[in-house]
1. Say we look at the stretch 130-150 and pick out the residues that are assigned to a strand (DSSP E or B) and in contact (Cβ under 8 Å) with a residue 60 or more places away in the chain; which of these is farthest from Asp61 (Cα to Cα)?
2. Of all residues being outside any loop (DSSP other than H, G, I, E, B) and at pLDDT below 90 in the stretch 1-14, which is surrounded by the most Cβ atoms within 10 Å (Cβ to Cβ)? Just the residue, please.
3. Can you find, within the stretch 21-43, the residue that is modelled with the highest pLDDT among those that are loosely packed, with under 14 Cβ neighbours inside 10 Å and farther than 23 Å from Arg135 by Cα?
4. So which of Ala53, Ala58 ends up being of a type in the set (A, V, I, L, M, F, W, C), under 23 Å from Gln77 (Cβ atoms) and either at pLDDT 90 or above or in contact with a His (Cβ under 6 Å, 6 or more places away or on another chain) (or both)?
5. I need a count of the residues in the stretch 83-99 that are at pLDDT 90 or above and out of contact with any strand residue (DSSP E or B) (no Cβ under 7 Å at 6 or more places or on another chain).
6. Of the numbered conditions (1) touching a helix residue (DSSP H, G or I) at 6+ places or on another chain (Cβ under 9 Å); (2) on the phi > 0 side of the Ramachandran plot, Gly103 fails exactly one; give the number of that condition.
7. Gly80 - would you say it is surrounded by 15 or more Cβ atoms within 10 Å (Cβ to Cβ), part of a strand (DSSP E or B) and modelled with pLDDT of 90 or more?
8. Within the stretch 107-129, is even one residue surrounded by fewer than 19 Cβ atoms within 10 Å (Cβ to Cβ), among the aliphatic types (A, V, I, L, M), more than 11 Å from the chain's Cα centre (by Cα) and in a helix (DSSP H, G or I)?
Amino acid sequence: MENGYQVRGLTRADAEAIATWRYPAPYDIYDSAPAGAQWEMLAATAAYYADPAHHYFAIDDESGELLGFGCFGMEAQVLGYDYTESDALDIGFGMRPDRVGGGRGAAFLAAILTHAQTTQNPRRLRATIANFNERSARTFLRAGFEKVASFRSRTSSSMDFDVYIHHND
């Protein structure tokens, strides 16, 4: 149990649930699959999340219910930024849509940071956040991250993102 939340391996059932999560606009960029996706696409998305090679993990709330997920490495990166800096571990996460905005962000992020330190022992942590996502940015800033760069993604959405770094030394 880390900061009131439990971090554990992601099961296939977790992955299947996550693949169906839908966020309201503009947060819908975080949807795993497009709205109305056919079963085959949802199954492929779930299989991807459940594959241990992709470094996804589940986060349960105090009652043991799936609250969200996290990931490390390339899975947390956005096309369009130079991530070659080798001493930074990229982190990403998603919280169940019906639980977002309820004051859980700081403890949720703290559980992910503790898990990163325990399992990866990185010198620095890096997060990439869509620049419209002010509540996520505030959570990271309060956790000791600092904004170090901005860029436009090289995807079909061409959105602006900010990069945040946390120094562990």
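The values are calculated or read from the model by the stated rules, or taken from the named source; none is laboratory data. Here the structure is a predicted model, which is why all the values come from computation and not from measurement. Note that we place each Cβ from the backbone using ideal geometry, even for glycine, and neighbour counts take in every protein chain shown.
1. Checked the stretch 130-150; the qualifying residue farthest from Asp61 (Cα to Cα) is Ala149.
2. In this case the residue turns out to be Glu2.
3. Taking the candidates together, the pick is Glu40.
4. Ala58
5. Of the residues in the stretch 83-99, 2 are at pLDDT 90 or above and out of contact with any strand residue (DSSP E or B) (no Cβ under 7 Å at 6 or more places or on another chain).
6. (1)
7. Criteria not met by Gly80.
8. Yes, there is a match, as at least one residue in the stretch 107-129 is surrounded by fewer than 19 Cβ atoms within 10 Å (Cβ to Cβ), among the aliphatic types (A, V, I, L, M), more than 11 Å from the chain's Cα centre (by Cα) and in a helix (DSSP H, G or I).
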